[in-house]
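Below is one structure, written out as structure tokens; comments come after it.
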């Protein structure tokens, strides 16, 4: 197996040295390309107070292709489906090698603050968000309480 | 139908992904003779395909891209690049003697790093400026 690229080592060191507020990313002990990520629900969002676990994997091609990121904690969000997959342009066609783990996670945090039901991944959630936003936000808060605040979080 | 991309010439070899791994490793010995090493191309950013499986359209696109990239100015790092001494792609500092490539938007990268990216997307990673649009502007103004 090829050694870990310098860039991944540097990014990991910088993430440890200067952590982002509300985000932690720790490499797996046995696989330095796999990160255990924890994102706090942003203030003034339906996810406030919640602690969300994600997994982030740097593919062999990284940074020429985007990291693979997935929510492990259940979340009610129009751009995140029931498998935790995230609809975010920079993870797909808008990826650039100038982006980093740090910027990707910041974008995901921003997505929690600004759900975009017009570009849905979870169609039923997006529909609900458009028909009755109050109700959708209420459900998102309930899910946050139920799945992102429980013991073990 | 012949596949003109199958056997790259030495001219464009530096533009091909992973040509580093072709350097012989004394520990490994010669590769098995039956195993032909086919270069992998990226007709779109998230698509990887061996050269012998590309459609004709993709082959043309890649050939054009190789031509365009070869027109972008290159140079050797002499310590004079003022802003940013780090290549944002590999996150390594530029070292005297490194081969660089300069994009029309004035962003600078290691030649090896940016060429790998430009074969996937013809966009500056830093400012997202399409390189071909910027190339045309450069032609018009000169």
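The values are calculated or read from the model by the stated rules, or taken from the named source; none is laboratory data. This one's a predicted model, so the numbers in the text were calculated from it and none came from an experiment. Backbone-built Cβ (ideal geometry, glycine too); neighbour counts: all protein chains shown.
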Margin query: Given the criterion at pLDDT below 90, surrounded by 11 or more Cβ atoms within 10 Å (Cβ to Cβ) and out of contact with any strand residue (DSSP E or B) (no Cβ under 8 Å at 6 or more places or on another chain), identify the matching residue among B:52, B:27.
Written below: B:52
Check: residue A:93 fails exactly one of the following numbered conditions: (1) crowded, with 20+ Cβ neighbours inside 10 Å; (2) not in a helix (DSSP H, G or I). What is the number of that condition?
Finding: (1)
Notebook entry, point to check: Are any of the residues in region A:108-122 in contact with a strand residue (DSSP E or B) (Cβ under 6 Å, 6 or more places away or on another chain), surrounded by 14 or more Cβ atoms within 10 Å (Cβ to Cβ) and not in a helix (DSSP H, G or I)?
Noted result: yes
Check: Would it be correct to say that residue B:47 is more than 14 Å from chain A (Cβ to nearest Cβ), within 18 Å of residue A:61 (Cβ to Cβ), in a loop (DSSP other than H, G, I, E, B) and modelled with pLDDT under 90?
Finding: no
Item checked: Residue that is assigned to a loop (DSSP other than H, G, I, E, B) and more than 14 Å from chain B (Cβ to nearest Cβ), where the choices are A:39, A:20, A:69 -> A:20
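Any idea which residue in region A:91-104 is nearest to the other protein chains (Cβ to nearest Cβ), counting only those that are within 12 Å of the chain's Cα centre (by Cα) and under 29 Å from residue A:128 (Cα atoms)? Don't jump to the end; show me each part of the working.
Going through region A:91-104, the residues within 12 Å of the chain's Cα centre (by Cα) turn out to be A:91, A:101-104.
In the following step, the residues that additionally are under 29 Å from residue A:128 (Cα atoms) were identified as A:91, A:104.
Details: A:91: 10, A:104: 14 Å.
The qualifying residue nearest to the other protein chains (Cβ to nearest Cβ) is A:91.
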Item checked: Residue that is within 14 Å of another protein chain (Cβ to nearest Cβ), crowded, with 18+ Cβ neighbours inside 10 Å and out of contact with any strand residue (DSSP E or B) (no Cβ under 6 Å at 6 or more places or on another chain), where the choices are A:76, A:62, A:47 -> A:62
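Just name the residue that is surrounded by the fewest Cβ atoms within 10 Å (Cβ to Cβ) out of those in region B:82-120 that are in a strand (DSSP E or B) and away from chain A (no Cβ under 11 Å).
Selected residue: B:99.
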